[in-house]
Every structure is written in structure tokens, then in C-alpha cells.
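All remarks here apply to the structure that follows.
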Amino acid sequence: MFEPVSIQEVRQALKAVEDIERPDADNEGDPLNSPLVYDYLSPEDQNKVDRAVEVVSGYVRDPSGEPNNRSITTLNKNGFRTNFNQDQYDPYRYVGSVSVGEWDIDVSDPSSDEED
């Protein structure tokens, strides 16, 4: 059975990653869950990021996998700049992110491009 994610769970998960320090590397502007940042985080911080990605990804989608516009609006109203839409070039892929503090978290579907 589908168990919906609550805004309280999302706020808690995002609050946990808000103060993660950017690792020393050339990663300015990269999302928190990109390999250029994630791979340099402590295992504890990686677990926090994994949880945030899981919770936010579940929250911005309805049970069919389509964007949940009500949830996206709720995130924006709660101060988390959020977007989640159909990819411009691949109608079967959704792309988006949520911002918390100085971080973006990528919640996009995996790319089918070979270069990724």
C-alpha cells in the first residue's frame, strides 16, 4: 500500500542537511547529491542526504509517479524553492530540484544519456 510522505517528514529531512558544509573541491553550484559533493561527505552526512532525496522524491510525486502539484506548492510555501516538471527533451523523464539553505537537491529521474 502507498504510504504518503508528510510535509513534517520532508521538513525534518531537509533541516538535517541544511547545515552540511561544502567539501573542498571544485563543486560550487553542484547539488548536494551530485558525485562531486556527495562522494566527499562523511558517511553520516551521506545518510542524511540519502534520506532527504528519498523523502523529497516521494513527496513531489503522486502514486503514479507524476508531479504532485499540491505537494510542490506546499514545499514552496514552506520556504523550499521547488520545481519538478517533465523533461523538455524526454517526455518519459521528470527533472527537478528542491533548495534548502545554500544547497540544491536533485530529484530528477535518471538520464538515459550515455554521457551521464
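Every number in this text was worked out from the coordinates using simple rules, so none of it is lab data. All values reported here derive from a predicted model rather than from experimental measurement. Counting neighbours? That spans all protein chains shown, and the Cβs are built from the backbone with ideal geometry, glycine included.
The value for the stretch 60-100 of Rg(Cα) / (2.2 N^0.38 Å) is 1.16. Rounded to the nearest whole Hz, the Karplus-based 3J(HN,Hα) values (6.51 cos²θ - 1.76 cosθ + 1.60, θ = phi - 60°) of the stretch 62-68 follow the sequence 7, x, 7, x, 6, x, 9, with x at glycine and proline.
Rounded to whole numbers, the Karplus 3J(HN,Hα) couplings from phi for the stretch 85-97 are 9, 5, 4, 4, 9, 9, x, 9, 10, 10, 10, x, 7 Hz, using 6.51 cos²θ - 1.76 cosθ + 1.60 with θ = phi - 60°, and x at Gly and Pro.
For Tyr94, the residues whose amide H sits under 5 Å from its own are Asp87, Asp109, ignoring neighbours fewer than 5 places away on the same chain, with H placed 1.01 Å from N.
How large is the Rg to Rh ratio of the stretch 1-49 when both quantities use alpha carbon positions and Rh follows Kirkwood?
With Rh from the inverse mean 1/r over Cα pairs, Rg/Rh is 1.07.
The residue list Pro35, Ala13, Tyr92 was ranked by how far each Cα lies along the charge dipole of the chain toward its positive end, using unit charges on Cβ atoms, and Ala13 comes out on top. Our coupling estimate for the stretch 72-82, obtained by passing each phi through the Karplus curve with A = 6.51, B = -1.76, C = 1.60 and θ = phi - 60°, is 4, 4, 4, 4, 4, 5, 8, x, 9, 4, 10 Hz, Gly and Pro reported as x.
Using R0 = 25 Å, the C-beta based FRET efficiency linking Thr73 and Arg51 works out to 0.65. Using Cα-only point scatterers and the Debye equation, what is log10 of I(q)/I(0) for the chain at each q in 0.13, 0.17, 0.23 Å⁻¹, rounded to two decimals? The calculated log intensity ratios at q = 0.13, 0.17, 0.23 Å⁻¹ are -0.50, -0.85, -1.37.
With contacts taken as Cα pairs under 8 Å and at least 6 residues apart, the chain reaches a relative contact order of 25 percent.
Taking a point 7 Å out from the Cα of Ala25 in the direction of its Cβ, the residues of the stretch 42-68 whose backbone N falls within less than 20 Å of it are 42-54. Overall, the chain carries a charge dipole of about 900 debye about its Cα centre when +1 sits on the Cβ of Lys and Arg and -1 on the Cβ of Asp and Glu, all other atoms neutral.
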